[in-house]
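> Got a structure for you, questions after.
The values are calculated or read from the model by the stated rules, or taken from the named source; none is laboratory data. What you see is a predicted model, and the numbers here were worked out from it, not measured in a lab. So basically every Cβ, Gly included, is an ideal-geometry build from the backbone, and we count neighbours across all protein chains shown. Side chains are part of the model used for accessible areas, which takes the heavy atoms of the whole protein and leaves out ligands, DNA and RNA. Shrake-Rupley method; radii C 1.70, N 1.55, O 1.52, S 1.80 Å.
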Amino acid sequence: MAETKSTDVTIIGNARMTNGARKVLSELTQKQCDAIKKCEPLTYSATLEKKWKATPQTFDLAAMLAGLIKSGEGEVVIRNFMNTMKVHWPALDLRYLRDIRGAVDTILDADKRSAAKGDDTNVVDEDDFQAHCNYALTTIERENRWTPSIFQRDGKWVEIQRSGEDQTATVVELDRDTFSARLNMATFWRKRVGDGTSFRYVSAPKDVVNQIYAHPEKPVPELRAVISAPMFTADGELAITPGYHNSGYYYAPPAGLSVARPPRRITEEHLAEARETLMDILCDFEMDGVSRAELEDAVLRMSGEIKWGSGEGVTAVPPSFLSAVGFMLEQIVRPMIDGPVMPLLISKTARRAGGGLLAMVMQTVIRGSAGVRPLARNEDERRKAILAALKSGSSVIAWDNLPTGRTIDSPTLATLFTEGVYVDRELGNSIERSIPVRASFVMIGNRPPFSDELVQRLTLLELVPQTASPETRSGWKHGDLPTYVQRNRGRILSALLVLVKHWLDKGQPAPKHPPVIGRFERYRHVIGGILEAASSNWTSWQSNRAKLEKVAKDGEEDGWSVLFEKWAIDRGTGLGGKIEARDLADIAQEYEIPLDVARIRDGGQFEYNPRSLGKALPGMLERIFDLGEFGNVSLLQSDKRGNGGYPWYLKPVETRGATEVDEPAPVENAKPLTRPVEERTNVPPLSRSEWKRMTRQERADWASLTSDERRERTLEIRARANKAA
């Protein structure tokens, strides 16, 4: 038999074995290996008595070596046996005989090594890769079954870390190195030493770490969010015990926080106490211009002269007060709101009116701490900041000091506020992340203007201080309100839990008075239902949406209504009053109407580029505009080309509820269809000269006025002009 030339050494299970021995082992069948294990002890003299007609085969030699080893005759006898075999059978090579001896040692030690190893497949360089992975996954699952410390979130491995004096808990995504460290803490990996019956502990194999880290099916609980206040689950179950809840939320209250469970049966006394507790921390903010005494009368005694709402929902409780309470309720019932929640806009009529302080108070109640951030100017920066905030698991995202000199128009924010899942690309790579949106949002500013797209998504909380210098106001009920709220946070949260429990006990009734807002139906049902169930006069929530349109809308879009009204005055409605884009630009310049279109290079503020204005009109095709004295009109384009393109005209329409009734099709060259405004109101529309005499602020406010308000303003302007004359 040819000599084995390789001298390489392979480690299998920490037992040294030449590659030749490994080859011998691979040539033996399982049946032969079992026979070698079971062979009887054999003396050296017995081996010499065997009569061989031909060179002994590998199995025969292995069986004799096993017998000699079991007989305990020692290494000298075994070497003599191999030398004798070599002399009698020159074809046998001593190296080959040594390889057979190595294979026999491995076979005979198998049981002893297996007993030392136990059932765990965690021996490095011995158990195969799949066995290692199964061991790691099984151990991780077992270690995190009852009191989990590692979770999965959005397909990533995460854990909860605490920081700061109050040990605030946050969700942290594990990178590969940190995950490897956590894996080594949960699992034990071994290598054989010595005779193979002893082990030393080592770290997890790198290939196993990589595989488990990227494993798509993670055997740990799903973590929705870390909460620092009790929360009602989607099924109405209250998660109030610290730790992981089977709903996917981890309740991690700060040290010292004690929140009482709501009573089994909620009485009117419990509700009255809860209302007083909430009023106590909100009474000094002059929401909707209401004083502390007026708010106490409305909330505690159901009386008051100022009224909000309409119909059966008329009440003295200001809508901004209910906006604040509703905001504090959001995170407590967030799992019950299957859909988006409306961002809270704290709009102030003056600087230093307490918007930041109010946001701090509400955030302290919700999560035990407060924090605000500036709103980035460009979309890329906003996307980065939003993705980072969502990844952190923050329950509240707050923006302060919103700009007042420019309109906030952001597709990123619009998507964030209406979609249940936020999808964006991570910074520095092309990987997209999909993160469920579970946070609440608050925005603070001095009458910040928003695009119409964003206005429709907001809830208004208006601060209207009744002094010219709100920062000097004194007489606060609680001199250090943030500290007071922090110390009484448990009691305030208990009051909110009482309101929710009462609504649940009543069968989760839907609210009767707030308007229906598309995409926010479930939000309206839950928050509006809880508020209306809390008191018979808490009926004004969302009744300030008309006010929201006035204080938050940017005015650029309203400029189109003003422009079309001046167009109707100059040329009339119908095809007889058709106009081309360049002439419409002249009207906008003459009346100094603000529009969101490009200006002429080096031109004035109201010198609009006709081409840019013309490109904006198709986006409003067939849209209905309320032109006040001229009624409702629809913007249409003629199918007959003019000198500078296809002209536009305003088609009068009548609306009956949600049904639009069309008039007969207009005829080319028809007389302008202006309405007999003078006969109907006896107040002619403003002339060009009267419009020019208006202040810039009056012109900016004109689009937001109702028809009656426009008539009154017209009379005021004319009276002022007559007095000046």
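> Send over the semi-axes of region 451-598's equivalent ellipsoid, whole angstrom and largest first, taken as the square roots of 5 times the C-alpha gyration tensor eigenvalues.
In descending order the semi-axes read 46, 24, 12 Å.
> Moving on. Using only the Cα atoms of region 574-645, what semi-axes does the equivalent ellipsoid have when each is the square root of 5 times a gyration tensor eigenvalue? Give whole Å, largest first.
Equivalent ellipsoid semi-axes, largest first: 21, 16, 11 Å.
> Here's another thing I want to ask about it. Treating cross-link reach as a plain straight distance, find the lysines whose alpha-carbon is under 30 Å from the alpha-carbon of residue 578, omitting any fewer than eight places away in the same chain.
553, 566, 615, 640, 651, 671, 692
> If you don't mind, there's one more thing I want to ask. Run the numbers on region 335-407 and let me know its relative contact order in percent, using alpha-carbon pairs under 8 Å that are six or more apart.
Answer for region 335-407 is 26 percent.
> Return, for the Cα atoms of region 160-216, the radius of gyration and Dmax in Å, separated by a comma.
Just the Cα atoms of region 160-216 yield Rg and Dmax of 16.2, 53 Å.
> For the peptides 336-342, 156-162, what is the packing order when you average, over each peptide's residues, the other Cβ atoms within 10 Å and list the highest mean first?
336-342, 156-162
> Nearest 20 debye, what's the magnitude of the dipole of the chain about its Cα centre given +1 on Lys and Arg Cβ and -1 on Asp and Glu Cβ?
In total the dipole reaches around 1520 debye.
> Over the chain, with a single point scatterer placed on each C-alpha, what log10 of the ratio I(q)/I(0) does the Debye formula yield at q = 0.05, 0.06, 0.08, 0.09 1/Å?
Calculated log10 I(q)/I(0) at the listed q: -0.46, -0.58, -0.80, -0.92.
> Run lengths n ≥ 4 of DSSP H only: what is the helix-derived mean residue ellipticity at 222 nm for the chain, with -39500 (n - 2.57) per run over all residues, to the nearest 500? List each step's numbers first, then the result.
Numbers: 27 runs with 291 residues, N = 725.
Helices in the chain give a 222 nm mean residue ellipticity of -12000 deg cm²/dmol.
> Now for a separate question. Within the P(r) computed for region 44-87, what percentage of the Cα pairs occupies the region above 11 Å?
Value for region 44-87 (Cα pairs over 11 Å): 68 percent.
> Right, something else. Computed over the Cα atoms of region 124-219, what is the ratio Rg over Rh, Rh following Kirkwood?
Working: Rg = 15.3 Å, Rh = 14.7 Å.
Here the Rg-to-Rh quotient is 1.04.
> With a bin width of 5 angstrom, please list the P(r) values of region 18-110 as percents of all Cα-Cα pairs, from the 0 bin to the one holding the largest distance.
Going out from 0 Å in 5 Å bins, region 18-110 shows 2, 14, 28, 26, 21, 7, 0 percent.
> Let me ask another. Taking the Cα atoms of region 420-524, what is the range of coordinates along each of the three principal axes, in descending order and whole Å?
55, 42, 32
> If packing is taken as the average count of other Cβ atoms within 10 Å, what order do 345-352, 483-490 fall into, highest mean first?
Values: 345-352: 20.6, 483-490: 17.0.
Ranked from most to least packed, the peptides come out as 345-352, 483-490.
> Further question: Just report the Cα centroid separation between region 74-96 and region 311-370, whole Å.
What the calculation gives is 92 Å, centre to centre.
> To test your reading of the geometry: what angle, between 0 and 90 degrees and rounded to tens, separates the Cα axis of helix 489-505 from the longest principal axis of the chain?
80 degrees
> How do the peptides 18-30, 261-273 rank, highest first, by the average count of neighbouring beta carbon atoms within 10 Å per residue? Intermediate results must be reported in sequence, preceding the final value.
Details: 18-30: 16.3, 261-273: 13.5.
Descending mean neighbour count gives 18-30, 261-273.
> How large, in percent, is the carbon and sulfur part of the accessible surface of the chain at a probe radius of 1.4 Å?
48 percent
> Let me ask something else about it. How big is the charge dipole of region 339-460 about its Cα centre, in debye rounded to the nearest 20, if each Lys and Arg gets +1 on its Cβ and each Asp and Glu gets -1 on its Cβ? Each step should come with its number before you reach the end.
On the way: 16 positive and 11 negative charges, 98 e Å.
Dipole size: approximately 480 debye.
> Looking at this model, which pairs from 23/70; 506/547; 156/384 are more than 28 angstrom apart at the alpha-carbon?
Checking Cα-Cα distances, 506/547 exceed 28 Å.
> Expressed in whole Å with the largest first, what are the equivalent ellipsoid semi-axes of region 227-323 derived from the C-alpha gyration tensor as the square root of 5 times each eigenvalue?
For region 227-323, the ellipsoid semi-axes come out as 33, 15, 14 Å.
> Averaging over all projection directions, find the projected area of the Cα convex hull of region 246-386 and quote it in nm² with one decimal place.
12.5 nm²
> Rolling a 1.4 angstrom probe over the protein heavy atoms, how many square angstrom per residue are accessible across the chain?
Per residue, the chain has an accessible area of 49 Å².
> While we're on this one: Roughly how tilted is helix 707-724, in degrees to the nearest 10 and between 0 and 90, from the longest Cα axis of the chain?
With rounding to tens, the tilt is 50 degrees.
> Still on this structure, please answer the following. Mind grabbing the base-10 log of I(q)/I(0) for region 400-480 at q = 0.18 Å⁻¹? Debye formula, identical points on the C-alpha positions, no solvent, two decimal places.
Rounded to two decimals, the profile gives -0.93.
> With only alpha-carbon pairs counted, each pair once and no self-pairs, how large is the Kirkwood hydrodynamic radius of region 550-601 in angstroms?
It is 11.8 Å.
> Using a cut-off of 17 Å between alpha-carbon atoms, which aspartates and glutamates can reach residue 550, once sequence neighbours fewer than 8 places away in the same chain are excluded?
288, 409, 452, 453, 462, 558, 626, 698, 701, 708, 709
> Now for a separate question. Could you work out the per residue convex hull volume over the alpha carbons of region 175-254, in cubic angstrom?
152 Å³
> Return one number: the angle in degrees, 0 to 90 and rounded to the nearest 10, between the long axis of the Cα atoms of helix 355-367 and the longest principal axis of the Cα atoms of the chain.
The angle comes out near 40 degrees.
> Would you list which lysines come within 26 Å of residue 501, measuring only between C-alpha atoms, while excluding same-chain residues fewer than 8 positions from it?
Filter leaves 512.
> How large is Rg over Rh for region 487-563, taking Rg from the Cα atoms and Rh as the Kirkwood inverse mean of 1/r across Cα pairs?
Rg divided by Rh gives 1.15.
> Counting only C-alpha contacts under 8 Å and six or more residues apart, can you give the relative contact order of the chain as a whole percent?
10 percent
> For region 432-553, what does the relative contact order come out to in percent, with C-alpha contacts under 8 Å and a separation of six or more?
35 percent
> Continuing with this model, one more query. Based on the Kirkwood radius over alpha-carbon pairs, what value in µm²/s does the Stokes-Einstein equation return for the translational diffusion coefficient of region 346-476 at 10 °C and 1.306 mPa s?
Answer from the Stokes-Einstein relation: 99 µm²/s.
> Rg(Cα) of region 487-532 divided by 2.2 N^0.38 Å?
1.32
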